[in-house]
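K.L.:
Have a look at the structure that comes next, please.
The values are calculated or read from the model by the stated rules, or taken from the named source; none is laboratory data. Note that the structure is predicted; figures quoted are calculated from it, not measured. Cβ sites come from the backbone with ideal geometry, for glycine too, and all protein chains shown count toward neighbours. Surface accessibility is based on the protein's heavy atoms, side chains included, excluding ligands, DNA and RNA. Shrake-Rupley method; radii C 1.70, N 1.55, O 1.52, S 1.80 Å.
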Amino acid sequence: YLRIASPPLVDEDALSLPSFAPDQNEDALKYDNSKRTVLERMFASDTEVRTGRLRKHYKTTHDPPIEALANVPVDLPSGSGHVGAAAALQGTSGPRALVIEGHALLPLLGDPILEEILFSVASQCDAVIACRVSPKQKALLVKMVRNYVSPEPVTLAIGDGANDVGMIQEAHVGIGISGLEGQQAVNASDFAIAQFRFLQDLLLIHGRWNFTRMSKVVMFSFYKNAVLVGILSVFAANTLYSGTPLFDQWVVSMLNFVAGFPILFLGIFDRDLEKDYVKAHPEVYASGPRNEDLSWRIILRWCIITFVHIFTIYFMTGPCMSAAGGNTPAFHGLMKGESVVGDGEGGDLKVFGTVIFTILIFVLGFKVLYETRSVVIGVFPPCRPWKRRKSNAEDRNNDDDDGKEQDFETWSSRAAYTIIGVVFGSFAFYIVSIYIYDNIALSGGTDFIPFYGVATHTFNLRSMTWILLPLTLAGAMGLDVAGKGFCNMFYPPQTQ
């Protein structure tokens with residue numbers, strides 16, 4: 001039988017009116033670029049601040065916002081078929097979705113023109129549902145998003161069965177759900193979760209934490225090596241670029257190992273925001289897609305502080321130890337009332353370089369402390385009797401046993417990871433290693449004879465070392481804190 005099509009409840013032309021609104025990139029007409037300051041353009045890591053998209057950047061008179069175009073009155077024909085059209089149009093500015101099945105996708109996917117039309121329609125929707133599609137069509141849909149979005153976005157695909165393998169492999173990030181569908185999706189994925197609801201924690205919490213941590217680890221890795229090379233370059237100018245080494249070859253080889261412990265613990269345990277806060281404010285996840293932690297302005301800040309620390313470390317120590325500044329072993333001579341003015345061994349090049357290298361190690365350790373957002377101080381002693389860990393805030397305030405099975409804290413959750421990494425893994429380990437090296441040279445090792453007595457003169461006999469260490473450390477960290485305070489107070493990122 002023939003079915004007579006009834007008039008549509010909502011006029012399709014009226015529904016498409018918001019698509020004629022100016023693109024979001026054209027909203028610059030509402031903002032006045034002259035209201036942006038030079039400091040905002042140079043120092044702001046936040047996109048809205050840097051491009052002048054804040055409320056204070058509005059022009060005195062500007063066009064109505066794009067959302068207002070959705071409420072433009074439209075004259076619709078009267079009649080029984082359009083009785084609900086006026087009421088339905090009130091929701092035209094609401095969310096839209098596209099539902100399409102695999103049979104309808106057959107003539108669309110594979111044709112560049114039809115794919116572009118399909119994508120233009122789908123991009124106007126808040127959600128797209130593709131049902132009864134083949135594994136190949138799932139992969140082509142992901143590929144279509146990667147091809148027609150500029151710049152190419154980071155795509156994520158999640159699935160639990162073998163028919164999702166192609167989609168998972170096509171996306172940048174693939175997540176497999178282990179369950180009744182088998183392990184094919186898990187084997188082809190980058191990350192595996194047990195239930196779909198874990199995706200929220202994986203993205204908003206652990207994904208965001210790891211991106212922030214890795215950003216700091218990467219920047220610090222370049223920073224510490226750049227500071228070392230910079231000090232060597234400055235010293236080379238004083239030696240007519242003859243290639244004379246400032247640091248002992250065995251001492252300088254410890255840099256990546258000694259300075260690596262603090263940043264290693266930061267990359268594992270650092271948290272800028274707690275889980276509950278991130279779940280309550282999911283908008284903080286935007287710092288990752290906006291690349292706030294690895295933007296060019298953040299890289300520029302690290303470059304600036306690198307040069308600042310190079311000149312601070314060298315020029316606050318080198319001139320003080322030049323000439324006769326390091327020849328007097330004060331702790332052994334004049335400070336004890338003895339008439340010993342020095343044996344002349346405290347001012348040699350080995351001691352000179354070891355003092356600068358020691359200050360460098362301490363500056364790198366404190367730099368990690370200033371970059372971390374959560375200092376893990378732990379509980380002492382960590383091996384004390386276990387304590388019941390309450391499941392929520394109400395249970396924490398109630399010491400009565402509710403009879404439920406609960407987890408228990410162990411020593412691993414009570415260890416002071418920040419103190420272990422900085423104090424023991426870096427500072428203490430370095431000092432101990434220097435004395436072991438000195439004792440090996442004392443035993444008569446031919447390769448280590450040039451380091452004979454260096455640790456003793458550097459740390460035991462010279463007051464100059466312990467005077468320069470806190471002063472240089474305070475100067476380097478003071479400039480670092482001043483720069484951080486200026487940027488965070490006046491040009492903070494969105495997470496602040």
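K.L.:
I'd like to know if the range 481-491 contains one or more residues that are over 30 Å from Glu48 (Cα atoms), in a helix (DSSP H, G or I) and modelled with pLDDT of 80 or more.
P.N.:
Narrowing the range 481-491 to residues over 30 Å from Glu48 (Cα atoms): none.
No, that holds for no residue.
K.L.:
I would also like to ask the following. Only residues that are surrounded by fewer than 17 Cβ atoms within 10 Å (Cβ to Cβ) and either in a helix (DSSP H, G or I) or modelled with pLDDT of 90 or more (or both): list them for the range 178-190, please.
P.N.:
Asn187, Asp190
K.L.:
Given the residues Glu152, Glu170, which is the only one that is touching a Lys or Arg at 6+ places or on another chain (Cβ under 6 Å), assigned by the TED database to the domain that holds Pro107 and under 25 Å from Glu283 (Cα atoms)?
P.N.:
Within the list Glu152, Glu170, the selection yields Glu152.
K.L.:
Is it true that Ile175 is assigned to a strand (DSSP E or B), β-branched (Val, Ile, Thr) and not assigned by the TED database to the domain that holds Ala416?
P.N.:
Working: assigned to a strand (DSSP E or B): yes; β-branched (Val, Ile, Thr): yes; not assigned by the TED database to the domain that holds Ala416: yes.
So Ile175 fits the description; yes.
K.L.:
What about Thr456, is it more than 40 Å from the chain's Cα centre (by Cα), modelled with pLDDT of 80 or more, in the same structural domain as Gly365 (by the TED database) and part of a helix (DSSP H, G or I)?
P.N.:
yes
K.L.:
Quick check on Glu170: is it among the charged types (D, E, K, R), at pLDDT 90 or above and either under 20 Å from Pro289 (Cβ atoms) or open to solvent by 40 Å² or more (accessible area, probe 1.4 Å) (or both)?
P.N.:
yes
K.L.:
Could you tell me which of the residues Ala104, Ala127, Ala139 is in contact with a strand residue (DSSP E or B) (Cβ under 7 Å, 6 or more places away or on another chain) and either open to solvent by less than 70 Å² (accessible area, probe 1.4 Å) or in the same structural domain as Ala162 (by the TED database) (or both)?
P.N.:
Of Ala104, Ala127, Ala139, the one residue that is in contact with a strand residue (DSSP E or B) (Cβ under 7 Å, 6 or more places away or on another chain) and either open to solvent by less than 70 Å² (accessible area, probe 1.4 Å) or in the same structural domain as Ala162 (by the TED database) (or both) is Ala127.
Results for (1) within 26 Å of Leu98 (Cβ to Cβ); (2) in a helix (DSSP H, G or I); (3) more than 21 Å from the chain's Cα centre (by Cα), shown as yes or no for each residue.
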{"position": "Ala130", "(1), (2), (3)": "yes, no, yes"}
{"position": "Val145", "(1), (2), (3)": "yes, yes, yes"}
{"position": "Asn163", "(1), (2), (3)": "yes, yes, yes"}
{"position": "Gly166", "(1), (2), (3)": "yes, yes, yes"}
{"position": "Gln169", "(1), (2), (3)": "yes, yes, yes"}
{"position": "Val217", "(1), (2), (3)": "no, yes, no"}
{"position": "Ile231", "(1), (2), (3)": "no, yes, yes"}
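K.L.:
Identify, from the list Gly267, Gly230, Gly288, Gly243, the residue that is open to solvent by less than 80 Å² (accessible area, probe 1.4 Å) and either out of contact with any helix residue (DSSP H, G or I) (no Cβ under 6 Å at 6 or more places or on another chain) or not assigned by the TED database to the domain that holds Val422 (or both).
P.N.:
Gly243
K.L.:
Let me spell it out: the conditions are (1) within 30 Å of Leu300 (Cβ to Cβ); (2) free of Cβ contacts under 8 Å to residues at least 24 places away in the same chain, and Arg213 meets all of them except one. Which number is the exception?
P.N.:
(2)
K.L.:
Checking Ser120 against (1) open to solvent by less than 70 Å² (accessible area, probe 1.4 Å); (2) under 21 Å from Arg146 (Cβ atoms); (3) touching a Gly at 6+ places or on another chain (Cβ under 9 Å), which test does it fail?
P.N.:
Against the list (1) open to solvent by less than 70 Å² (accessible area, probe 1.4 Å); (2) under 21 Å from Arg146 (Cβ atoms); (3) touching a Gly at 6+ places or on another chain (Cβ under 9 Å), Ser120 comes up short only on (3).
K.L.:
Which number in (1) open to solvent by 20 Å² or more (accessible area, probe 1.4 Å); (2) polar (S, T, N, Q); (3) at pLDDT below 90 marks the one condition that Ser221 misses?
P.N.:
(3)
K.L.:
Inside the range 95-121, can you point out the residues that are in a helix (DSSP H, G or I), in contact (Cβ under 8 Å) with a residue 12 or more places away in the chain and over 21 Å from Gly166 (Cα atoms)?
P.N.:
Glu116, Val121
K.L.:
Are any of the residues in the range 139-148 at pLDDT 75 or above, among the small types (Gly, Ala, Ser) and touching a helix residue (DSSP H, G or I) at 6+ places or on another chain (Cβ under 7 Å)?
P.N.:
yes
K.L.:
Any residue in the range 224-253 that's more than 28 Å from Gly453 (Cβ to Cβ): show its pairings with residues that are part of a helix (DSSP H, G or I) at Cβ separation under 6 Å, as long as the two are six or more apart or on different chains.
P.N.:
Lys224/Leu364; Ala226/Thr306; Gly230/Ile310
K.L.:
Shifting gears a bit: Evaluate the following for Tyr417: is it open to solvent by 80 Å² or more (accessible area, probe 1.4 Å) and at pLDDT 80 or above?
P.N.:
no
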